[in-house]
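Shown next, in structure tokens, is the structure this report addresses.
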Amino acid sequence: MFQYISNDPIICARYNYAEMKCLNDKWNKNGPPNWFIKIKKLIISKKKKLIEKINKQVREILPIMSIGTPSSQGTKVYRFHSFLRVSYDNLFQGKWNIKAKMMNKYDKNKPLISQLTYPQLYYVYEITKSIENKKILALLNIQSLKYRKKLKFPNSKINYRNNPEYYIYTSNEKGAFEIEPYKTEIFKSNDDLYDLFIKYINNNDLIGADMVRKFIQITIKKNKNNNLFVKKLLEINNNQIYVNWKNSFNSQNPYKPNKYIK
């Protein structure tokens, strides 16, 4: 994440060297260069301030602001470590205490906040600021629950067209007879299943397209010699729009900020 400190790659590299690469290096009699000493001091000072800001957000500001946050599917968050969990999971794009093991010299016995790099801390703070908005808090918490495999799916009480953030892609037929409004639409439709798939694709309704895929797979299992449906399933799995959407559920990339660190 050091690449997001500046649009100057030399500055980014110097921050990386001062905090990570050369942190414990032994220097010759001339000692480290002046820029190294200066940046190292800056990092220590900035990290201390960021930790203070993050703690204030998750312990004081967010617990008060989140009162009344929608509670369906466990989206109600009010404890300080829950706000940290949401922020950390979305920083790492996965269950943070699993992903953090990939960090250099990670110590599970120490608080993660004291082990994060300067750019990581900065974006954790940015996330805690963003979730002052209850809608963003709900969305990021749902994503966190997905990473932890703790989101109930499927849920017949949810309209997945109106609430696509609750949808979880599975390669099997899970939820085919529960996910609404698609189950009802598909049962009532007079269209050929593949034609219905194309309609959903054209309407940019990828959940609907995925539901058709589930029903085609069910049909193939019931009629193993139905080569037509096997061919249609192959066409679905080769549809680039559908493939890109499907792959988005397996994204494991770390958090990518949309601006440089101030």
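Highest mean first, what order results for 235-242, 25-32 on Cβ atoms within 10 Å? Please list the in-between numbers first.
Details: 235-242: 13.8, 25-32: 8.0.
Packing proxy ranking, top to bottom: 235-242, 25-32.
Excluding residue 85 itself, what net charge comes from residues whose Cβ is under 12 Å from its Cβ, given Lys and Arg +1 and Asp and Glu -1?
Working: positive: 79, 95, 148, 150; negative: 89.
Residues near residue 85 contribute +3 overall.
Count the net charge of all other residues whose Cβ sits under 12 Å from the Cβ of residue 230, scoring Lys and Arg as +1 and Asp and Glu as -1. Let's see the in-between values first.
Details: positive: 221, 224, 231, 232; negative: 235.
Neighbourhood net charge equals +3.
So what's the net charge close to residue 180: Lys and Arg +1, Asp and Glu -1, counting the other residues with Cβ under 13 Å from its Cβ? Could the numbers behind the result be given before it?
Details: positive: 157, 161, 183, 188; negative: 178, 185.
Residues near residue 180 contribute +2 overall.
I need the Debye-formula profile for the chain: one equal scatterer per C-alpha, no solvent, reported as log10 I(q)/I(0) at q = 0.07, 0.14 1/Å, two decimals.
Per q value, in the given order, log10 I(q)/I(0) is -0.37, -1.00.
Taking all pairs of distinct Cα atoms, average 1/r, flip it, and tell me the Kirkwood hydrodynamic radius of region 164-250 in Å to one decimal place.
On the way: mean 1/r = 0.0764 Å⁻¹.
For region 164-250, inverting the mean 1/r across all distinct Cα pairs yields 13.1 Å.
Laboratory data are not the source of any read-out in this text; all were calculated from the coordinates shown. Only a predicted model underlies this, so the values are computations on that prediction, with no experimental measurement involved. Don't worry about glycine lacking a Cβ; one is built from the backbone with ideal geometry, like all the others, and counts go over all protein chains shown.
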